[in-house]
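Data block below; observations after.
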Amino acid sequence: MQDELPELIKKIFAKKNITDDQEIFRFLHPKLETLPHPLKMKGMQQAVECIVKGVEEGDDIVIWGDYDVDGTTATSLLVNFFRKLGIEPYWHIPNRLTDGYGLNTEVFEQLKSTHSIDNFLLITVDCGISNSKEVAEILELGGKVIVTDHHQLPLGDLPGCVILNPNQDGCDFASEKLAGVGVAFYLAAAVRSELEKHGYFRENEKPNLKDYLGFVALGTVSDLVEITETNRILVRAGMEALPNSSIPGLRYLLESAGLYGSLLTSEDIGFSIGPRINAAGRLGTADVAVELMTCDNHTSGSDLAKKLESYNERRKSICSDNLETALTLIQRGNLAEKSAIVVAGDFHPGVIGIVASKIVDVYRKPTVVFAEEGENESTSYKGSGRSVEGIDLLGCLHNCSHLLGKYGGHAMAAGLSIAANNIKSFREEMSRHVELEKMNILQGAQGNTLNIECNLDEVMSGNAIDYLMKLEPFGPENEKPIFTDPKAQVISCKAIGGLGQHLQLIVRGKYTNYRAIGFGLGERISEVKKQPERSITFTPMMNRFRGSVEWQLRIIEI
């Protein structure tokens, strides 16, 4: 096996400590048949029995999701799945700006009253694990509740309901680190299997589970979930299915992004498709995203895709303004001198996560952005954090919990709240704990980084690019490899972007020249022009422009 691989790819596998031929083959060719069985998930048998009984008895099924990409794709997956079973479920996505995260008893009662829902089965997706009070109140209304989630479990148990969450003690899925949409997919797979045993599909069409893997790919990559072996299999299959998806809503979504029928990368999801879905939720209208991903009419699908695109353009404008403000506050307050960047201001609460991500791109440090939620010193701030590889953001927040209100998330992304008078102390504490995490990395994991010294042509050759695509999907625990050419020759460069914050270059190769972009490196233009032969650290990036596709370099450091 290894004899067939380019030397560059061999080096990457060596860095990953994958040396066995069979391991390499499994990595390059992930197979759905090797996925762990759904019933290995704690609570799955009870959840399946509950749903099958509800289907047979005609219960009203209500799906309650979250407003981010993981939550909306999980909701859309189950809505499409139940419709294929001949069941029209009710669904609800909270308004990020007015309802907040998770279950809301008052809103559920309104939904129940509006639709004359009597015997109900409520299924949460990507939320609910922290809503013990709301679960108890909803159970008192006379129905059943299944909570499916992937967030860390709080102290205390949820009363009287079935729980699907790989983080439960004794769950054989604990190491799989599924996204919320991954848990929803496994639930659909188990329900289909049980209904087949009951003879349900003698008179009803059996859903094709592969149709729903596109949702899993979108939600898993967008939620920055670890790319474990199981997630790698699910996401890879989903990325292969998405470009020609049989689900109308996904087709309209990809068409609006100019990606229908195209070869997809994880960057396409993370930077193009995911933000479109997220835009509606960030502006308080996440239901539009679910309406699109569950529609079956071409006219309505086209209209919804246009509406989502308009939300995305508005989101971009708001985000650009907020980012400029945040960068100014960081510079004025010398906040980037800390190991973690914590900035608070008059930001739109729906875009603070994106702003945090972009600040991470610029400064390469864990970042928390807080949006004001009032006008006096006792008012709490709503925050969103993003991390860098190797720094467990949620773990750092645990260590700062005495300064926080609510908080939750995972290693790479989290949400939190804080009182205004605690922000300064939090900034100090957060930086201290990030520094401790960095020391642990230096002591243990630094040698595992996928930075390989080579020349440009080794990476950009067609054969190497083909194999790099087989290493997809990239994400936490399967980071995209980066390369360093110590003697690259820059032919031309210019600063681009509204603030001149990015660097656009042409770099000389042996047989051809390569276009390159360095995000956030615009300030380096003078020194690059003065000394054009430089060491550059880069990774290949697919550039799509007006229907044409070409590979270029994304410069990380120069």
**Study point:** For region 451-557, diffusion coefficient by Stokes-Einstein and Kirkwood Rh (Cα), 25 °C, 0.890 mPa s, µm²/s
**Key:** 171
**Study point:** Total charge dipole magnitude, the chain, about the Cα centre, Cβ charges on Lys, Arg, Asp, Glu only, Debye to nearest 20
**Key:** 1860
Exercise for review: With unit charges on the beta carbon (Lys/Arg positive, Asp/Glu negative), name the residue among ALA305, GLY199, LEU39 whose Cα is farthest towards the positive pole of the charge dipole of the chain.
Suggested key: ALA305
Exercise for review: Within 10 Å of each residue's Cβ, count the other Cβ atoms and sort LYS307, LYS487 from fewest upward.
Suggested key: LYS487, LYS307
Review point. Among residues other than PHE538 whose Cβ falls under 9 Å from its Cβ, what is the net charge (Lys/Arg +1, Asp/Glu -1)?
Key: -1
Revision key, fill the gap. Relative to the compact-globule estimate 2.2 N^0.38 Å (N residues), the Cα gyration radius of the chain stands at a ratio of 0.98
Exercise for review: Could you sort 139-152, 221-234, 420-433 so that the peptide with the highest average Cβ count within 10 Å comes first and the rest follow in order?
Suggested key: 221-234, 139-152, 420-433
Exercise for review: Give the Cα extents of region 1-77 along the principal axes, in whole Å, largest first.
Suggested key: 59, 28, 18
Review point. Tell me, what are the semi-axes, in whole angstrom and largest first, of the equivalent ellipsoid of region 35-310 as set by the roots of 5 times the Cα gyration tensor eigenvalues?
Key: 26, 21, 19
Practice item. Just list whichever of LYS42/LYS438; LYS210/LYS365; LYS31/LYS406; LYS31/LYS382; LYS365/LYS530; LYS210/LYS358 have alpha carbons separated by over 30 Å in the model shown. Key: LYS42/LYS438; LYS210/LYS365; LYS31/LYS406; LYS31/LYS382; LYS210/LYS358
Point to revise | Compactness relative to 2.2 N^0.38 Å, alpha carbon Rg of region 29-144 | key: 1.12
Revision key, fill the gap. If every Lys and Arg gets +1 and every Asp and Glu gets -1 at its Cβ, then about the Cα centre region 163-212 yields a dipole, in debye to the nearest 20, of 120
Revision key, fill the gap. With N residues in region 79-134, Rg(alpha-carbon) / (2.2 N^0.38 Å) equals 1.21
Review point. Exposure proxy check: SER380, SER113, SER302 ranked by fewest other beta carbons within 10 Å?
Key: SER113, SER302, SER380
**Study point:** Surface/4 of the Cα convex hull for region 153-213, nm²
**Key:** 5.7
Revision key, fill the gap. Note on region 381-481: the mean projected area of its alpha-carbon convex hull, in nm², is 8.1
Check your understanding: Could you state the number of Å between the C-alpha centres of region 323-375 and region 55-80?
Key -> 34
Exercise for review: Could you rank the peptides 265-275, 209-219 by their average count of other C-beta atoms within 10 Å per residue, with the highest value first?
Suggested key: 209-219, 265-275
Check your understanding: Rounded to two decimals, what is Rg over Rh for region 333-446 when you use alpha-carbon atoms and the Kirkwood radius?
Key -> 0.95
**Study point:** Span from the region 198-267 Cα centroid across to the region 519-558 one, whole angstrom
**Key:** 31
Review point. Which of the peptides 361-372, 389-400, 5-16 is most tightly packed, and how do the rest follow, going by the mean number of other Cβ atoms within 10 Å of each residue?
Key: 361-372, 389-400, 5-16
Study note, to complete from the structure: Per-residue Cβ contact counts at 10 Å, fewest first, order ILE452, ILE61 as ILE452, ILE61
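Throughout, read-outs are computed from the coordinates displayed, never taken from laboratory work. If you're wondering where the values come from, they're calculated on a predicted model, not measured in any experiment. Cβ sites come from the backbone with ideal geometry, for glycine too, and all protein chains shown count toward neighbours.
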